[in-house]
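Enquirer: This is the structure, below, for whatever I ask next.
The values are calculated or read from the model by the stated rules, or taken from the named source; none is laboratory data. Fair warning: this is a prediction, and the values are worked out from it, not measured in the lab. Quick reminder, even Gly has a Cβ in these numbers, built from the backbone with ideal geometry, and neighbours come from all protein chains shown.
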């Protein structure tokens, strides 16, 4: 009997093992990962770990059919809880990372809700992105028949402070570039295929430039702004006007000087699938 009781006591003394956290990985060519789960009385929380590279922003979104589902974020590298959405009331949170950091994200059901037997389905969306992920794709400028000018409208924003355009010019032509923006800190640079910089309007004081084209060339035009000129939530709309005409001929009329379209809501943050 004593042996049996001793064995029973030993068994009772064994610690209850916590569930092993799921490791979050990102699909190829995507800055977002999504985890789906359920919370209830018997399984009222679930942990995930995610490693965020230096220079990247971590973003966490929790979508649930139950308002009593929350998440906590713990910085494992510094052993510090950095967010509890139950306290802040947010379901969407982000933080930049100067150094590589590993986080634990715990999705959990409010204890009172768990006692009531509630069941919460959730989708946890985790983003990892840097400035290169926010940069818009390079846009090719093309000309319509019998029209010497082409215009590209765009907008720069905090975290996405540059947009590249390419334009192919034939031998014997002249290229002309005009940039229109209400923000005086928006400029453009032009490079040739050898990456030789031909102009940077931040140093010339004029957002207009032209040059003859000796041989057929594809130019890269970078419209950019100093990041300090675009605080979070602010945008800088612009109109990039590119002209082509025969070298030696007068520049044709047609490039407008009107203000670019008004800024839309900030799109610097990449969107996650719902």
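Enquirer: Do you know which residues across the stretch 225-240 are surrounded by 11 or more Cβ atoms within 10 Å (Cβ to Cβ) and assigned to a loop (DSSP other than H, G, I, E, B)?
Expert: Of everything in the stretch 225-240, those that are surrounded by 11 or more Cβ atoms within 10 Å (Cβ to Cβ) and assigned to a loop (DSSP other than H, G, I, E, B) turn out to be 226, 230, 234.
Enquirer: Spot the failing condition for residue 174; the list is (1) part of a strand (DSSP E or B); (2) within 20 Å of residue 139 (Cα to Cα), and only one is missed.
Expert: (2)
Enquirer: Just one of the numbered conditions (1) touching a strand residue (DSSP E or B) at 6+ places or on another chain (Cβ under 7 Å); (2) at pLDDT below 95; (3) within 25 Å of residue 176 (Cβ to Cβ) is not true of residue 140; which one?
Expert: Result: residue 140 fails condition (2) only.
Enquirer: Within the stretch 118-128, is there a residue that is loosely packed, with under 14 Cβ neighbours inside 10 Å and outside any strand (DSSP E or B)?
Expert: So far as the stretch 118-128 goes, no, none of its residues is loosely packed, with under 14 Cβ neighbours inside 10 Å and outside any strand (DSSP E or B).
Enquirer: So which strands (runs of 3 or more DSSP E) are wholly in the stretch 36-95 and hold at least 2 residues that are under 14 Å from residue 109 (Cβ atoms) and modelled with pLDDT of 95 or more?
Expert: In the stretch 36-95, 45-52, 57-64, 69-75 are the strands (runs of 3 or more DSSP E) which contain 2 or more residues that are under 14 Å from residue 109 (Cβ atoms) and modelled with pLDDT of 95 or more.
Enquirer: Name every residue in the stretch 209-224 that is more than 17 Å from the chain's Cα centre (by Cα), surrounded by 15 or more Cβ atoms within 10 Å (Cβ to Cβ) and part of a strand (DSSP E or B), in order of residue number.
Expert: Of everything in the stretch 209-224, those that are more than 17 Å from the chain's Cα centre (by Cα), surrounded by 15 or more Cβ atoms within 10 Å (Cβ to Cβ) and part of a strand (DSSP E or B) turn out to be 209, 211, 217, 219, 220, 221, 222, 223.
Enquirer: Another question about this same structure. Return the residues of the stretch 154-166 that are in a strand (DSSP E or B) and over 18 Å from residue 244 (Cα atoms); say none if nothing qualifies.
Expert: Passing the criteria: 154, 155, 156, 157, 160, 162, 163, 164.
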